[in-house]
Structure formats: structure tokens, C-alpha cells
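Trainee: The structure under discussion is supplied below as C-alpha cells; questions concerning it will follow.
The values are calculated or read from the model by the stated rules, or taken from the named source; none is laboratory data. Fair warning: this is a prediction, and the values are worked out from it, not measured in the lab. Cβ placement follows ideal geometry from the backbone for every residue including glycine, while neighbour counts extend to all protein chains displayed.
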Amino acid sequence: MTSATVRKRSVKRAARGAPGGDGGRGAGVRLVDHGAWFLVLPALIPILVLSVGPLLYGIALAFTDSQSGRTEPTQWIGTLNFQDLLHDTLFWDSFRIGLLWAVGVTVPQFLLALGLALLLSENLRFRWLARSLAIIPWAMPEVVVGIMWRLVYNPDAGILNETIRDLGLGDGRDWLSGLATALPAVIVVGVWAGMPQTTVALLAGLQNTPRELHEAAAMDGAGAWRRFRTVTWPALKPVALAITALNFIWNFNSFALVYVLTNGGPGGRTRLPMLFAYEEAFRYGQFGYAAAMGCVMVAVISVILALHLVGRLRGGEDA
Amino acid sequence: MRTRKSARAGQYLALLAYLVFLAFPFLWLISTAFKPPRELGSLHPTWIPKDPTLANFRQAFDEQPLLDAALNSLTAAVGAAVIAVLIATPMAYVMARHRTRLARAATGWVVVSQAFPFVLVIIPLFLVLKNLRLINSVPGLIMVYVVWALPFALWMLVGYVRAVPTELEEAAAVDGAGRLRTLVSITAPLLAPGIVATALFAFISAWNEFFFALVLLKTPEKQTLPVVLTHFIGAEGVADLGPLAAAAFLATLPSLVVFAVIQKRITGGMLAGAVKS
């Protein structure tokens, strides 16, 4: 190290007023120096008060009989809420629907977005236009997405049934209130709404794939599928895993779309867990019970995701 | 060579199919918004209104307090965006420049917060805000939106901070500038485009948000646009399609405009965050 850099370092430390500026090395017991605390606090306080705090409070509520608008004090009731939940078949029906919905949306969303991302990374004409159009759904309020698709699915004035009639495929149907069609119909909307984010993430991932390797493989006569499997996919895999995991969580916790499209109907066929918990908490005022549902949702999702990620990562090492 | 050409044609065809799938619902919304009631009742709706009208827009404003709602949405979105970047930028700076336990914990929170089911957070938030008398108030909603926008804002900003070379800051330090001074006069100007993009993104998320607004805002004159839009749909799920479409179309325009402005940067921000952390 030259004397100039040494001097620079020491000046820098002096300027920062405390040790620990260099990546925390030698920081000792202190987490960060005073300057850093001053920078962090404005964000840290809201995070603690409005995010971490409520989360812990919410977990605690799950073990109480908290209700809205009750005058008696709230009491600890141990795991009673969870025992009740265990026997609440309506909740488990809703949970099953939630899983069907989350998988049914996440998988096609990923496959379609992958196809689109691969197309958009090709050197096609009008690519710029396609890129802009492809992410429009991302900018729309979920409520508007729901309204829009209600108009598409509308039995009389909707374009879907009109197209079916035009093609001579029958009279069409009332998609959102049919017992058999409601869930598939809302799943299509879910796929549509989440595609842009997934596509953008995958496009970002595609930019990491080594171009030279791609070209070398092409020179060696590797076909498109082979090039994808051996060159593109290994580079894309971390992004793909991350975005499918996130999509799965977001979809499982989704609310606004289905609230607007069907509000859980017909006959509870599209009542996602979030809708169920929302009604429990804010229609019936069962705060404690709804919080218990929230806890169960987090727990089950965490386990599924852990299994998924561990499985995938291990699968990657074997291959 | 022929196979390559047909492959190209196939690619264009596939791209076209994607664009049709992604665009047609929006085109249908616009079409419906300009149709007179007679056409909406007809069993053979057309893509282009035969007799386009603005009546639906007028009726939408008559039926629901759309202007109040738009004002509430605007207040909430601007408030949330400004406060979020004001507090997130310094924190993102620390997260990007220092590998401390605090920075790691914050990164952990950014990731974990994506997995919260909102229902677990909203009940306590509802109780807390009720005690603070901030239920049914736009400032209360802003507080929630700020924290809600923070994870992505931090994620994007950390990426942008890392892109600013440390040498510049060190040079400023050598010249005797203090921490705050360095941040304000060296780093912030370089970060400005990233900060604007982040603020606009926070604006869009707040403008579009529905769940928290639904739970926290009770009276119609306090509600934001997405909540007011749902009032067009009656209890039996029957809606007056024309005004509903017109209002939905108007509510989307601000997000679309802002999104068009920052579209490139969002992609870049996601990329920066993803690659460098």
C-alpha cells in the first residue's frame, strides 16, 4: 500500500468520525457508526413500527380471542384458534383453492413469460414496441384489471362470448358464475396480470447469459433447444427460481383481482384464503381467528417454498 | 436457409399472438367505455362502437365521487412516493456501502416482507391506526403505503447507489467534506435519475393499491379511486357497464403515463438489484 492510499484511508476514517467505515471491518461491538445511524433511522423507525411490529403483534393476536368492537378485554386463549382452524372445513376448502390458484397461475405465467422473454431478446423488428406493449398490464391497477376482464367475460356484452358465437362454437356461457368455469376463468386473468413482471425479470436474467458461449455452441452445430438447455438455462436458473418463488407467494396472497371478478363466488369456488381471512376479520370481526389463518398461511407457504427451493437447487447439482 | 426464414416467421407470429393476448382486454375496455347503452345491451357487441359517445364518462362522474377519489388517490400516491424516497435513499446508501449486520438485517427484511400475507399485517395495523385515530384518513393510508413501498424502493436504490463509484466519495472526503455533505452534494445528484424512477414507481404502486385502502378507508369521501371503482359493481355483481368502463379507463391513465416515463429504468433497476446483490 502506498503512503498516499494510507493517508487517504485515514482521512476517510477521520471524516466519517468513527471506525467501521470500511465495510464494517474492525467495527468491534458497534454495528455502524453514528453517521450511519443518522442515515438509517428515518427508514428504520417506520419499518419497525409499521411492519415488524404489526407482524409480531399479528402473530400474538392469533393466540387471543380478539374481536372487533367488543367491550370486554381481550384474553389469551392459547392455541384454541388453531384447534378450531384444524376442524374448519370451509377454511381448508379455501386453502385448497388458494393452492390450486397459486400453482395454476404461477406455472403458466412462468412458461408464457419465458417464451415472451426469449422472443423479446431476439433481434426482431418492432421489438421496442412489443417490449412497451408487453408490460402495460403491470401498470394497471388490479381493480381495473378485474373490471376489464369482467367486461371480456360478460355473457352478453362481452367479447369472449361474441367471438365464440362468431366462430359458431355455440352460445358461450356465463364464465364467472359457472361452478366449473369460474376458477379457470380467474386463473387466466391472474396469468395475464402477472406476466409482465415475470417477463421483465427473465429478460434481465437473459442479459446475463454469455453471448460468446451461445455463438460457440451454434458454431458447433447445437440446435436451438440444446443451446437453450446447456447455455441459456444454467445462466437463467437463479433468476427463474427467484421469480417463480416470488410469484407463488404473491399469487397465493392475491386479493384485489378475485375480489373484483367474483368476490369468492360462485358458491365459494374462487374464495382464496385472503378473501376468506378478510371476511373473517372485517365482516365478522374475528381478529384473533383471522390472524391465526394468516399464521397458518405463512407457515404452509414457507414449508412449500423451502421444499421447492431445496429440491430445485439439489436437482441443479445433480445435473 | 429456408428453415431459418420460417423460424423467423414463426417468431413474429408468436410475438403477435402474445401482443394480442396482452392488449385485447384493454382495447375492449376502451371500446366499452365509448359505447352508448343501446349497443351495450345488444347481443352482438362490436369492437368499434357504431355510435361513440362520451355519455358514459358524464354518467360515471354523476354516479360516484370520482373527483374526490382522484384527489385522495393523488394525495396518497404523491405523499407516499415523496416520503418513501426521502427515507429510503439514506438507508439504501448505508445498505449499499456498508456490510454491517444492520445492512444485512435490512436486506433480509426486504426479502421477507414480500412473503407477508397482508392479512397478518393489516389487522394489527388497523388496530394501531385506530388507536392513533388515523383510520379513515388519507395520512394514515400514506403511512402504510410508505412502508409498503419501502422494500422495492430499497431494492432499486441499493442497485443505483452501487453504480456510483466510491472513488468520487473518497475524493470528497479527502477534500474535507463530511458524511452528510458528501451525500448531499456528490452522491445525491448522481443518484437523482434513480431516485426519480423509484419515486415514480412508488407513486404507481400507491395509486393502484386496493387492499389497504379498502380496509382503512370507510367513508366514500375519503376513499381512493380503486375502492370507489368497486362501488360501480352492485351487490349482486350487476354493473352498469358503460360508466364502469369509463371510470376504470380514466383511473388507469395516470399509471400508464408514469409507467411509460420510467419503463426503461424499472427494467434497469431490477437488473441492477438482481445482478449486484
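Trainee: Among the residues of region B:213-235, which ones are in a loop (DSSP other than H, G, I, E, B) and surrounded by fewer than 24 Cβ atoms within 10 Å (Cβ to Cβ)?
Mentor: Answer for region B:213-235, where residues must be in a loop (DSSP other than H, G, I, E, B) and surrounded by fewer than 24 Cβ atoms within 10 Å (Cβ to Cβ): B:LEU217, B:LYS218, B:THR219, B:HIS231, B:PHE232, B:GLY234, B:ALA235.
Trainee: Residue pairs, Cβ under 6 Å, 6 or more apart or interchain, first in region A:234-261 and away from every other protein chain (no Cβ under 11 Å) and on the phi < 0 side of the Ramachandran plot, second in a helix (DSSP H, G or I) and among the small types (Gly, Ala, Ser). List them.
Mentor: Once the first residue is away from every other protein chain (no Cβ under 11 Å) and on the phi < 0 side of the Ramachandran plot and sits in region A:234-261, its partners that are in a helix (DSSP H, G or I) and among the small types (Gly, Ala, Ser) give A:LEU236/A:GLY205; A:ASN251/A:ALA102.
Trainee: Go through region A:129-194 and tell me which helices (runs of 4 or more DSSP H), entirely inside it, have 2 or more residues that are touching a residue at least 40 places away in the same chain (Cβ under 8 Å).
Mentor: Passing ranges, in order: A:136-139, A:142-153.
Trainee: Say whether the condition of being under 24 Å from the mean Cα position of the chain (by Cα) and more than 9 Å from every other protein chain (Cβ to nearest Cβ) is met by at least one residue in region A:217-230.
Mentor: Looking through region A:217-230, none of the residues is under 24 Å from the mean Cα position of the chain (by Cα) and more than 9 Å from every other protein chain (Cβ to nearest Cβ).
Trainee: A follow-up question, please. Quick test for you: out of B:PHE61, B:PHE26, pick the one residue that is in a helix (DSSP H, G or I) and assigned by TED's automatic domain parsing to the domain that holds B:PRO193.
Mentor: Being in a helix (DSSP H, G or I) and assigned by TED's automatic domain parsing to the domain that holds B:PRO193 holds for just one of B:PHE61, B:PHE26, which is B:PHE61.
Trainee: Also, quick follow-up: For region B:175-189, what are the residues that are surrounded by 14 or more Cβ atoms within 10 Å (Cβ to Cβ) and more than 9 Å from every other protein chain (Cβ to nearest Cβ)?
Mentor: From region B:175-189, those surrounded by 14 or more Cβ atoms within 10 Å (Cβ to Cβ) are B:177-179, B:181-183, B:186-188; that's our starting set.
Selection gives B:ARG181, B:ILE186, B:THR187, B:ALA188.
Trainee: Residue by residue through region B:43-68, note down the ones that are surrounded by 15 or more Cβ atoms within 10 Å (Cβ to Cβ) and facing chain A (nearest Cβ under 9 Å).
Mentor: B:PRO45
Trainee: Right, something else. Got a sec? Which of A:THR74, A:THR79, A:THR64 is polar (S, T, N, Q) and free of Cβ contacts under 8 Å to residues at least 40 places away in the same chain?
Mentor: A:THR79
Trainee: Next up: Considering only region A:82-126, how many residues are away from chain B (no Cβ under 12 Å) and outside any helix (DSSP H, G or I)?
Mentor: Here the count works out to 2.
Let's see how each residue does on (1) more than 8 Å from chain A (Cβ to nearest Cβ); (2) surrounded by 15 or more Cβ atoms within 10 Å (Cβ to Cβ):
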residue: B:ALA70; (1), (2): yes, yes
residue: B:THR75; (1), (2): yes, yes
residue: B:ARG104; (1), (2): yes, no
residue: B:VAL119; (1), (2): no, yes
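Trainee: Applying the selection to region B:58-86, what residues are over 19 Å from B:PRO220 (Cα atoms), in contact (Cβ under 8 Å) with a residue 60 or more places away in the chain and not small (Gly, Ala, Ser)?
Mentor: Within region B:58-86, B:VAL78, B:VAL82, B:ILE83, B:VAL85 meet the criteria.
Trainee: Mind checking which residues of region B:2-38 are farther than 30 Å from A:LEU124 by Cβ and facing chain A (nearest Cβ under 8 Å)?
Mentor: B:THR32
Trainee: Condition test on B:VAL144, is it within 10 Å of chain A (Cβ to nearest Cβ), under 22 Å from A:PRO42 (Cα atoms) and free of Cβ contacts under 8 Å to residues at least 60 places away in the same chain?
Mentor: No: the conditions fail for B:VAL144.
Trainee: For A:LEU129, are the conditions met, namely being loosely packed, with under 15 Cβ neighbours inside 10 Å, more than 10 Å from chain B (Cβ to nearest Cβ) and over 30 Å from B:PHE232 (Cα atoms)?
Mentor: no
Trainee: Within region B:191-212, is even one residue modelled with pLDDT under 90, within 11 Å of chain A (Cβ to nearest Cβ), surrounded by fewer than 18 Cβ atoms within 10 Å (Cβ to Cβ) and assigned to a helix (DSSP H, G or I)?
Mentor: No: region B:191-212 contains no residue that is modelled with pLDDT under 90, within 11 Å of chain A (Cβ to nearest Cβ), surrounded by fewer than 18 Cβ atoms within 10 Å (Cβ to Cβ) and assigned to a helix (DSSP H, G or I).
Trainee: Something else about it: Please indicate, with yes or no, whether at least one residue in region A:153-165 is modelled with pLDDT of 90 or more, more than 8 Å from chain B (Cβ to nearest Cβ) and either closer than 22 Å to A:GLY264 by Cβ or surrounded by fewer than 22 Cβ atoms within 10 Å (Cβ to Cβ) (or both).
Mentor: Yes, region A:153-165 contains a residue that is modelled with pLDDT of 90 or more, more than 8 Å from chain B (Cβ to nearest Cβ) and either closer than 22 Å to A:GLY264 by Cβ or surrounded by fewer than 22 Cβ atoms within 10 Å (Cβ to Cβ) (or both).
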